[in-house]
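Structure provided below as structure tokens; questions to follow.
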Amino acid sequence: MPRPTSFGKDTGLQVRMALTLFLLGLVYVVLIVALLAVGASGVTVAIIAGGLAAVNLFASDKLALAAMGARVVSPQEAPQLHAMVERLCVQADLPKPKVAIANTRMPNAFALGRSPKSATVCATTGIMEILSPAELEGVMAHELTHVANRDVLIMTLAGFFATIAAYIVQFGFFFGGGGGYGDDDDNPSFMVLLLVSLVVYIVSFLLMQMLSRYREFAADRGAAIITGRPSALASALQKISSGMHNIPQKDLRAAGELNAFFIFPAGVGKGIAGLFATHPPMEKRIAALARLESQLQGQVAA
Amino acid sequence: MGFLDILRGKRELKQPAPDRLFAMSTAYVKMDMELELKSSGKAAIVFQPLATADFEAIVRDMEEVVQGTGSDAGTTVTSSDDEYGYRWMILADPDFDDLVVGVNAVSGAIQGGGYGDRILAAVFAFRDNKDRPLYWIYNYKRGAFYPFVPASGSEQRDNERELRLKAQIGADLPVEPELERWFPLWGIPV
């Protein structure tokens, strides 16, 4: 094969993702040690949290669909969307997920389900209106990559110990925090656990948001690979994003007088706010897709 | 896809499976003799056209190559883009074996250019004794065929007929075992 792949490697992304997972693991080991040190009550909390996480994993997709007001549609109801997803599935070598539509004007799409066999991809009526077929295809390929990468499962598992830590923090404030002044001897170790949990909770929260952003980059990349059209997805992202980043549709003269009334959220996605975001800033995603496009066109050595 | 690939969020398009396209040539003998299914004289290969200069060049070369493959009458090639942005290369030849060779030449040219992962499927069109259309679709990534029989009504398919076809031809043709991967292709232009 003269060209094994049209796109370069994503070594940088892989390294960052591995580092994040490693740090997350490290933080969790600290928590496990603390839990075991406390003994029986710590283990009980872990088991309860595990049960809740499992319920979450198995039941959440139906709940989320209902919360979004989404409905699974048959191929007869949405032939275009089904045909599009089917072709992407052939390309991505995936079984076909359920296809749902949410009746809302907000342009969005999401994927649910813990495994490719039980997955659902959903698009809103808003996104289907504003995007061209090629752009919508990019968005659906992004969601299918989430399915293929099992991102729901990975984020649930990555968040498992963070959930435990959160329970302990709440539990501690309810029972340990208020009245326990110097009455029994296991109090110090419980206070240590509470502190450890608090730190674990905060650190793992930040790490998880970071991991989530890397998974988004990976899904964008996957979508570009499946469709072979990175620029279509970039253009879709531009349309979906707030409108501030859009290539303007409106005549300069008409928009000019309104500009004075807009407050541009220039700081969003930078500095502290960026640490808490689950999605990377739009400019970075579009820049990454632009790099993929130039690799595809053979402008940049892979 | 392995566990590590999932963890790393790694995505690469699967390259085509080992080629089992030519099984269609032998299976056609049985379809023709026993099942009264005739080739419509047309086959097609559908792929994602990439908007790059070298891909366009490969497609142009390919058309010339295929024009030359047919034995005597020669295979004719036309191409069209569908509403989903996929390109169909439609081959017409009264001789079924030449059609299979032609389809293989097209996919070979795309794979030779390093774009094998862009091929969606190959489609062979047949007519039964009542002149209704039915198709065998070859999924390159799976290296397997599956039947597709459109029924009357909008976007309905005749699943019973498809399953019967699988039972009839299954021994001669590698048929896709997972039914949820029998993806329909509506509006096949052959």
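The values are calculated or read from the model by the stated rules, or taken from the named source; none is laboratory data. This structure is a prediction, so every number in the text was calculated from the model and none was measured. Note that we place each Cβ from the backbone using ideal geometry, even for glycine, and neighbour counts take in every protein chain shown.
Only one of B:Ile90, B:Ile58 is among the β-branched types (Val, Ile, Thr) and within 14 Å of chain A (Cβ to nearest Cβ). Can you tell me which?
Within the list B:Ile90, B:Ile58, the selection yields B:Ile58.
Hey, can you tell me all the residues within segment B:142-157 that are crowded, with 16+ Cβ neighbours inside 10 Å, within 14 Å of chain A (Cβ to nearest Cβ) and touching a strand residue (DSSP E or B) at 6+ places or on another chain (Cβ under 8 Å)?
B:Ala144, B:Phe145, B:Tyr146, B:Phe148, B:Pro150, B:Arg157
Which of the following residues is surrounded by fewer than 19 Cβ atoms within 10 Å (Cβ to Cβ) and either part of a helix (DSSP H, G or I) or of a type outside the set (D, E, K, R) (or both): A:Gly42, A:Gly25?
A:Gly25
Can we say A:Gln76 is within 14 Å of chain B (Cβ to nearest Cβ), surrounded by fewer than 13 Cβ atoms within 10 Å (Cβ to Cβ), at negative phi and modelled with pLDDT of 85 or more?
In short, yes.
Got a sec? Which of A:Met128, A:Met208 is more than 30 Å from B:Arg118 (Cα to Cα), modelled with pLDDT of 85 or more and either within 24 Å of the chain's Cα centre (by Cα) or surrounded by 16 or more Cβ atoms within 10 Å (Cβ to Cβ) (or both)?
A:Met208
When you scan segment B:158-179, how many residues do you find that are over 21 Å from B:Phe47 (Cα atoms), within 14 Å of chain A (Cβ to nearest Cβ) and either acidic (Asp, Glu) or touching a residue at least 40 places away in the same chain (Cβ under 8 Å) (or both)?
1
State yes or no: is B:Asp117 within 25 Å of A:Ala223 (Cα to Cα), in contact with a Gly (Cβ under 8 Å, 6 or more places away or on another chain) and in contact (Cβ under 8 Å) with a residue 60 or more places away in the chain? Working first, answer last.
On the way: within 25 Å of A:Ala223 (Cα to Cα): yes; in contact with a Gly (Cβ under 8 Å, 6 or more places away or on another chain): no; in contact (Cβ under 8 Å) with a residue 60 or more places away in the chain: yes.
No: the conditions fail for B:Asp117.
Mind listing whichever residues of segment A:1-32 are at pLDDT 80 or above and either of a type in the set (Gly, Ala, Ser) or over 27 Å from A:Val152 (Cβ atoms) (or both)?
Listed by number, the residues that qualify are A:Ala18, A:Gly25.
Is one or more of the residues making up segment B:121-129 within 14 Å of chain A (Cβ to nearest Cβ), under 30 Å from B:Val59 (Cβ atoms) and at pLDDT below 85?
No: segment B:121-129 contains no residue that is within 14 Å of chain A (Cβ to nearest Cβ), under 30 Å from B:Val59 (Cβ atoms) and at pLDDT below 85.
Can I ask one more? So which residues in segment A:50-74 are touching a residue at least 12 places away in the same chain (Cβ under 8 Å) and assigned to a loop (DSSP other than H, G, I, E, B)?
Our first condition is that a residue be touching a residue at least 12 places away in the same chain (Cβ under 8 Å); within segment A:50-74, this holds for A:50, A:52-53, A:56-58, A:60-61, A:64-65, A:68-73.
Of everything in segment A:50-74, those that are touching a residue at least 12 places away in the same chain (Cβ under 8 Å) and assigned to a loop (DSSP other than H, G, I, E, B) turn out to be A:Met68, A:Gly69, A:Val73.
Can you list residue pairs whose Cβ atoms sit under 7 Å apart, with the first residue in segment A:144-161 being at the interface with another protein chain (Cβ under 7 Å from one of its Cβ atoms) and assigned to a helix (DSSP H, G or I) and the second being crowded, with 21+ Cβ neighbours inside 10 Å and modelled with pLDDT under 80? Count only pairs 6 or more apart in sequence or on different chains.
A:Thr145/B:Arg11; A:Ala148/B:Arg11
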